[in-house]
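Here the structure is laid out as structure tokens; the discussion comes afterwards.
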Amino acid sequence: MKKLLCAAGLSIALAVSAGAQAADKIAVVNVSSIFQQLPARATVAKQLENEFKSRATELQGMERDLQTKMQKLQRDGSTMKASERSRMEKDLMAQRETFQTKAQAFEQDNRRRQAEERNKILSRIQDAVQKVADNEGYDVVIDANAVAYAGKSKDITADVLKQVK
């Protein structure tokens with residue numbers, strides 16, 4: 001009898017929790033679409049381009065100089081003295097190493113800054129999603145890219161986009 005009551009109590013608890021879960025209001029939002037449509041994204045891209053422009057120009061100049069010297073070595077290397085050729089090869093290797101180090105640092109800095117700015121924008125989008133969800137009474141909001149199907153009436157992308165702009 002005690003087991004029967006325990007089983008009945010457990011089944012009632014499960015039914016109540018399932019009923020409560022079914023009552024959740026769920027919406028979807030297309031975060032990537034919002035991100036692509038934001039005017040701030042283009043502004044940030046321009047800002048980052050200007051921020052890294054001088055370093056990119058310097059790297060391009062170094063690369064051109066390296067290519068010119070390599071072509072000269074290939075063209076004139078056979079007629080040079082061995083000591084002169086050896087010195088030029090060492091200079092080229094040192095210059096290539098410097099270029100690679102600077103290029104790698106440039107790429108890392110550029111990626112880091114892009115990630116920082118992207119995360120700022122995504123944070124703004126997340127805040128807007130939360131505000132729209134709170135205003136409209138949604139319990140759960142899922143990214144549209146993670147859902148196989150959702151009705152259009154539950155898509156809050158346009159509302160979030162208005163909120164972020």
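Observations on the structure shown:
- Cα centroid separation, region 55-76 to region 91-146 (Å): 32
- In nm, spacing of pseudo-spin labels at residue 143 and residue 110 (7 Å Cα→C-beta vector): 2.5
- Note on residue 49 and residue 69: with the Förster distance fixed at 22 Å, the Cβ-Cβ geometry gives a FRET efficiency of about 0.15.
- Cβ-Cβ distance of residue 91 and residue 40, R₀ of 45 Å, FRET efficiency by 1/(1 + (r/R0)^6): the value works out to about 0.45.
- With q set to 0.10, 0.20 Å⁻¹, the log10 of I(q)/I(0) for region 17-165, from the Debye formula over equal scatterers at the Cα positions, is -0.59, -1.14.
- Multiplying the residue separation of residue 98 and residue 26 by 0.36 nm and removing their Cα-Cα distance gives an extension gain of 20.5 nm.
- Highest mean packing first, where packing is the average number of other Cβ atoms within 10 Å per residue, the peptides 71-77, 33-39, 128-134 line up as 128-134, 33-39, 71-77.
- Packing-based order for 116-124, 142-150, using average beta carbon neighbours within 10 Å, highest first: 116-124, 142-150
No lab work stands behind these numbers, since they all come straight from the coordinates. All values derive from a computational prediction rather than experimental measurement. So basically every Cβ, Gly included, is an ideal-geometry build from the backbone, and we count neighbours across all protein chains shown.
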